[in-house]
1. Considering only residues that are open to solvent by 50 Å² or more (accessible area, probe 1.4 Å) and either among the charged types (D, E, K, R) or within 11 Å of Val113 (Cα to Cα) (or both), which ones fall in segment 14-35?
2. Mind checking which residues of segment 82-112 are touching a helix residue (DSSP H, G or I) at 6+ places or on another chain (Cβ under 8 Å) and farther than 16 Å from Gly42 by Cα?
3. Condition first: touching a Phe, Trp or Tyr at 6+ places or on another chain (Cβ under 7 Å) and either in a loop (DSSP other than H, G, I, E, B) or under 22 Å from Asn98 (Cβ atoms) (or both). Now tell me which residues in segment 1-38 satisfy that.
4. Scan segment 85-117 residue by residue and report those that are exposed (fewer than 15 other Cβ atoms within 10 Å of the Cβ) and farther than 16 Å from Arg38 by Cβ.
5. Is at least one residue of segment 58-68 crowded, with 20+ Cβ neighbours inside 10 Å, closer than 20 Å to Gln109 by Cβ and in contact with a Phe, Trp or Tyr (Cβ under 9 Å, 6 or more places away or on another chain)?
6. Hey, any hits in segment 46-56 for a residue that's open to solvent by 30 Å² or more (accessible area, probe 1.4 Å), hydroxyl-bearing (Ser, Thr, Tyr) and out of contact with any Pro (no Cβ under 8 Å at 6 or more places or on another chain)?
7. May I ask you to list the residues in segment 96-117 that are outside any strand (DSSP E or B) and at pLDDT 95 or above?
Amino acid sequence: QVQLVESGGGLVQAGGSLRLSCAASESIFSFNFMGWYRQAPGKQRELVARITSGGTTFYADAVKGRFAISRDNAKNTVYLQMNSLKPEDTAVYYCKANRATWDVDYWGQGTQVTVSS
């Protein structure tokens, strides 16, 4: 059974930083795509950042220049470094993995990020 466990969320002031971690139960090379999504109350879940097994990254316009996705293959962990946080970044952040965009999705349990004014 594939498991993804997020950690690193919390409460920060606007302008602050957090680093989220997503630890996978197997080699992250098992997945061609890994990414971070977020969902705020009353809004749909949206893609924040994605990284392929080849290292290609994608970012939502709202976080470009502020967030960075990376991976540590030895630790089977994907990170999301979040800088210059804004109140509108407040959401539950979820890690997702799949072998192709059309294949089975594996989701973590989510971690809450709250940015205060």
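The values are calculated or read from the model by the stated rules, or taken from the named source; none is laboratory data. Values in this document were obtained by computation on a predicted structure and should not be read as measured data. We place every Cβ from the backbone using ideal geometry, glycine too, and count neighbours over all the protein chains shown. We work out accessible area using only protein heavy atoms, side chains counted, and drop any ligands, DNA or RNA first. Shrake-Rupley method; radii C 1.70, N 1.55, O 1.52, S 1.80 Å.
1. Listed by number, the residues that qualify are Ser17, Arg19, Glu26.
2. Hits for segment 82-112 are Met82, Ala97, Arg99.
3. Step one: of segment 1-38, the residues touching a Phe, Trp or Tyr at 6+ places or on another chain (Cβ under 7 Å) are 2, 4, 6, 9, 19-21, 36-38.
Result: Val2, Leu4, Glu6, Gly9, Leu20, Ser21, Trp36, Tyr37, Arg38.
4. Those that are exposed (fewer than 15 other Cβ atoms within 10 Å of the Cβ) and farther than 16 Å from Arg38 by Cβ: Arg99, Ala100, Thr101, Trp102, Asp103, Val104, Ser116, Ser117.
5. No, segment 58-68 contains no residue that is crowded, with 20+ Cβ neighbours inside 10 Å, closer than 20 Å to Gln109 by Cβ and in contact with a Phe, Trp or Tyr (Cβ under 9 Å, 6 or more places away or on another chain).
6. Yes, segment 46-56 has at least one match.
7. Gly108, Gln109, Gly110
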